[in-house]
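One structure is given here, and the rest of the page talks about it.
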Amino acid sequence: MLRASLPRIYTQRNLVACCRQYSSRNSPSDLAATLPASIDYPNPRWFSDLQSRIKRSMTPELPKANFEEAEKLLKHTEKHWLGLLAGREGFITDYNYRGLDRQPIFWGDMARQHGHVNNVMYNRYAESARVNFFRNHGRDATEDRGQLWDDLLTPRGVGLILKSIKTEFKFPMTFPDNVTVLNRLVEAPTTETHDLMLEEVTVYDYQAGRKATLAPFMVEKLNETWDLQEKFRARFNEEAKNVAEALDMINGSK
């Protein structure tokens, strides 16, 4: 079985919704102490806590050099917010791996009587991202193999069937804004893979009328994705620690 976590949906303003939320309810004050042993269960407020700590440190009493360093840290978190939030959890934030990238929210997406995006739109974003997630894996493939990646999203042969989907609504998303959706694998694939826990998606042979397995070259490509996810996880874990340590140094050298 290949397990892939349900997609995370981000806007420019904040994390707005995800189909599965991993969280711990702890709210420690020091970010350096909050980086968990298991990256799948981060303190959900760690990023906003970090930015709040930076802002609180920028007082008139702070030496000018320290103030400027704190200002640089804040700008760094504002520029790299998507990587720091999603990369730490193993999501690949590079453009080529995004299911949706800055997809505009249209006025017609709104449920006007409620003043926010219609709830069905969240699943549409997730479904569109799933299609692009798999198609993106065929971006650099040969023409024949690229077509097989595309065919996964059709009933022509071996393809995917959506079995179920669950959505948790975190706060109302409104027009105007932009949506970015990221997907990730949560375990390395094998040649025996036939079930994908993405929104509970099954690999299915439409012609034979039964479950199927992924082609070996697809397994190989998805394993490359798995390895890259782990690199992103390590990179942004380290970056988050570096920011927290730099802030501690600024506050410690007043």
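When each of 235, 112 is scored by the number of other beta-carbon atoms lying within 10 Å, the sequence from fewest to most is 112, 235. On the beta carbon distance between residue 95 and residue 118, with R0 = 25 Å, the FRET formula returns roughly 0.35.
Listed values for region 230-241 are Karplus-derived 3J(HN,Hα) couplings in whole Hz (6.51 cos²θ - 1.76 cosθ + 1.60, θ = phi - 60°), namely 5, 5, 5, 4, 5, 4, 7, 4, 5, 5, 4, 5, and x replaces Gly and Pro. In this structure the amide hydrogen of residue 111, modeled in the peptide plane, comes within under 5 Å of the amide hydrogens of 116, 117, 118, none closer than 5 places in sequence on its chain. If the chain linking residue 141 and residue 72 were pulled fully straight, counting 0.36 nm for each residue of separation and taking away their Cα-Cα distance, it would gain 20.8 nm. Amide hydrogen proximity for residue 184: with H placed 1.01 Å from N in the peptide plane, the residues at 5 or more positions away or on another chain lying under 5 Å are 5.
Note that region 68-76 has calculated 3J(HN,Hα) couplings of 5, 5, 5, 4, 5, 4, 5, 5, 5 Hz, one per residue in order, obtained from phi through the Karplus relation 6.51 cos²θ - 1.76 cosθ + 1.60 (θ = phi - 60°); glycine and proline are x. Tell me which lysines have Cα within less than 25 Å of residue 79's Cα, excluding those fewer than 8 residues away on the same chain? Leaving aside lysines fewer than 8 places away in the same chain, those within reach of residue 79 are 55, 64, 170, 231, 241. Within a straight-line Cα-Cα reach of under 16 Å, residue 211 can be paired with the following lysines, leaving aside sequence neighbours fewer than 8 residues apart in one chain: 163.
In plain terms, the residue of 77, 174, 154 with the fewest other Cβ atoms within 10 Å comes first and the most crowded comes last, giving 154, 174, 77. If you plug the beta carbon distance of residue 211 and residue 234 into 1/(1 + (r/R0)^6) with R0 = 41 Å, you get a FRET efficiency near 0.75.
Inter-label distance, residue 164 to residue 220: 3.6 nm, where each label sits 7 Å from its Cα along the C-beta direction. Ordering 57, 128, 164 by the number of other Cβ atoms within 10 Å of each residue's own Cβ, fewest first, gives 164, 128, 57.
Just so you know, all these numbers are worked out from the coordinates, no wet-lab data involved. What you are looking at is a predicted structure, and each value in this text was computed from that prediction instead of being measured. A quick note on method: Cβ atoms are made from the backbone with ideal geometry, for glycine too, and the neighbour counts reach across all protein chains shown.
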